[in-house]
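Each value in this text was obtained by applying a stated rule to the coordinates, not by laboratory testing. What you are looking at is a predicted structure, and each value in this text was computed from that prediction instead of being measured. No Cβ is skipped: glycine too gets one built from the backbone with ideal geometry, and neighbour counts run over all protein chains shown.
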């Protein structure tokens, strides 16, 4: 039974969500939060906490993006013996 038959008629092929991109956007929001929410002369420890959390989220986003299909830069159907001038 195909995945389309399991979900019912009229369903297209299921696509994965781009979790790496979504997590990168969340990391950017975490990085921007101290600038937007805290006063300029606010506590440094709170700002460092945002930087640490944002860094972990960004690292996870990079790992997730590198694991996505097609992230290797080569097409799945590429012939390695095919040499073009």
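In nm, give the distance between the simple-model label positions of residue 40 and residue 83, each being 7 Å from the Cα along the Cα-to-Cβ direction.
Label-label distance for residue 40 and residue 83, simple model: 6.2 nm.
From Cα pairs below 8 angstrom and at least 6 apart in sequence, can you work out the relative contact order of segment 16-66, rounded to a whole percent?
63
Distance from a point 7 Å along Cα→Cβ of residue 52 to each backbone N in segment 30-45: keep the residues under 19 Å and list them by number.
30-35, 38, 42-45
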